[in-house]
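Have a look at the structure below before the remarks.
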Amino acid sequence: MPYLTRQLESVARRAAREFPAVVLTGPRQSGKTTLFREAFGQSHDYVSLEPPDVRASAAQDPRSFLSLHPPPVIFDEVQYVPELLPYIKEIIDSRRKEKALYLLTGSQNLLLMERVTESLAGRAAMLKLLPLSRREETGKPGRPLVWERTGTRENVKSGSEPIPQLWANLVRGNYPELVTEPSRDVALWHSSYVQTYLERDVRGLRQIGDLSLFQGFLRTLAARSGQLLNLSDVARGIGLVVNTAKAWLAILEATYQVMIVRPYFANLGKRLVKTPKVYFTDTGTLCYLLGLRDPIHAMSGPMAGPIFETAVLSEIMKTLLGRGEEPQLHFFRTSVGSEVDFIVESEGRLIPIEVKSSATPRPEMASDVNAFRRDFPRKAEPGYVVHTGDILLPLGSGVTAIPFTSL
């Protein structure tokens, strides 16, 4: 499988020069192992902790296991043997001036973060890797976001993508295996991914007797993607206790299957919505769970808006995480229904972004962005309406319609 340069690679190299340990988390199949082996394969040994016999050996006698695999070393899927972490800390503390001793990957953020915080606080850099961004797919991993660029209109407009191809890409998703092997059966791959994920991660994190009920929960969340998330309604609809729904949502977030976007709060004389929204990390996973296999059906169906919103959110999140940053991203909605899809906080400024699955931007699409800029005259930057078409168009003062490829 050909390697596509990841934006996070340079960050990982820098972190390895500064810390004795680097921990890389992210969903399964997002390319964590490939990134580490590409960047550090010449300098570090590699050990996967996923095979049961290796796992048992490491858990039963951590000291002996670590002496058999001395640093510098990459330990893959370290969440399977968190017992190693205190002993890794001991070795690091005995070699305090050395860097890049241990490079660790993991697919479960929740439990891994707890153990890393306990054992490696101050000794490890924490990085997150999501599936490929469109920047990485097109060979421009370091390209800035649209509001970070300066210069001419041509500098902002990066070219367009035919609408059928755009939607084919959204249905396919951005996992490296599907991007680098375009002949793969997309539906079969996602079916296998969801099943494997259920078997490995869900059962590993929480005892779930009825996996079909959990699949129903997944599909219900997919149908509510981009909407205000009322877990009580979700639980009632499929016959769950609310606390169980909360626990399952926490599992999905901890394993990077979903992203929770929370509302932006401010001291305004308006009643603001406080309920979060849920989005799936990958548009391909979302389309699979919605039963959408054909790009034309996805583009023309009622879920076109949420699917395209997911693509925009995902691209922003991947770009910021790829720099080693923690994204500050929200939505804004008043109780009377005025809403901006995404608010990106950057250096104390607010960038409002509206997302439209239409290819024909119109001035009225900028109304909520304009209202937001009036509410926050000192902090709000010029805003954007991201659409599926190919034109860059001013929609009045301070709002520009841009193609998805220009994001």
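The values are calculated or read from the model by the stated rules, or taken from the named source; none is laboratory data. Small disclaimer: the values here were computed from a predicted structure and weren't measured. A quick note on method: Cβ atoms are made from the backbone with ideal geometry, for glycine too, and the neighbour counts reach across all protein chains shown.
At a glance:
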item: Residue in segment 172-181 that is touching a Ser or Thr at 6+ places or on another chain (Cβ under 8 Å) and at pLDDT below 90 present; result: no
item: Lone qualifier among VAL22, VAL11 - being part of a helix (DSSP H, G or I) and modelled with pLDDT of 95 or more; result: VAL11
item: Qualifying residue in segment 16-37 (condition: surrounded by 14 or more Cβ atoms within 10 Å (Cβ to Cβ), hydrophobic (A, V, I, L, M, F, W, C), on the phi < 0 side of the Ramachandran plot and touching an Asp or Glu at 6+ places or on another chain (Cβ under 7 Å)); result: yes
item: Selection count where residues are over 27 Å from the mean Cα position of the chain (by Cα) and assigned to a loop (DSSP other than H, G, I, E, B), scope segment 66-87; result: 5
item: Conditions (1) touching a strand residue (DSSP E or B) at 6+ places or on another chain (Cβ under 9 Å); (2) over 30 Å from LEU286 (Cβ atoms); number of the one not met by ALA59; result: (1)
item: Test: residue in segment 308-324 that is within 28 Å of LEU188 (Cβ to Cβ), among the basic types (Lys, Arg) and touching a residue at least 60 places away in the same chain (Cβ under 8 Å); result: yes
item: Index of the failed condition, PHE65 passing every other in (1) touching a helix residue (DSSP H, G or I) at 6+ places or on another chain (Cβ under 6 Å); (2) surrounded by fewer than 19 Cβ atoms within 10 Å (Cβ to Cβ); (3) hydrophobic (A, V, I, L, M, F, W, C); result: (2)
item: Per-region count, segment 363-407, residues surrounded by fewer than 21 Cβ atoms within 10 Å (Cβ to Cβ), in contact (Cβ under 8 Å) with a residue 12 or more places away in the chain and of a type in the set (D, E, K, R); result: 4
item: Residue check for ALA39: touching a residue at least 12 places away in the same chain (Cβ under 8 Å), small (Gly, Ala, Ser) and within 22 Å of GLY142 (Cβ to Cβ); result: yes
item: Where a residue in segment 16-30 is of a type outside the set (Asp, Glu) and its partner, wherever it lies, is in a helix (DSSP H, G or I), with Cβ under 6 Å and at least six apart; result: PRO20/ILE92; ALA21/LEU120; VAL22/ALA15; VAL22/ALA16; VAL23/VAL116; LEU24/LYS32; THR25/ASN109; GLY26/LYS32
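Listed here are the residues, each with its yes/no results for (1) buried (at least 19 other Cβ atoms within 10 Å of the Cβ); (2) modelled with pLDDT of 90 or more; (3) small (Gly, Ala, Ser).
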{"site": "SER212", "(1), (2), (3)": "no, no, yes"}
{"site": "ARG219", "(1), (2), (3)": "no, yes, no"}
{"site": "GLY226", "(1), (2), (3)": "yes, yes, yes"}
{"site": "LEU240", "(1), (2), (3)": "yes, no, no"}
{"site": "ILE251", "(1), (2), (3)": "yes, no, no"}
{"site": "TYR256", "(1), (2), (3)": "yes, no, no"}
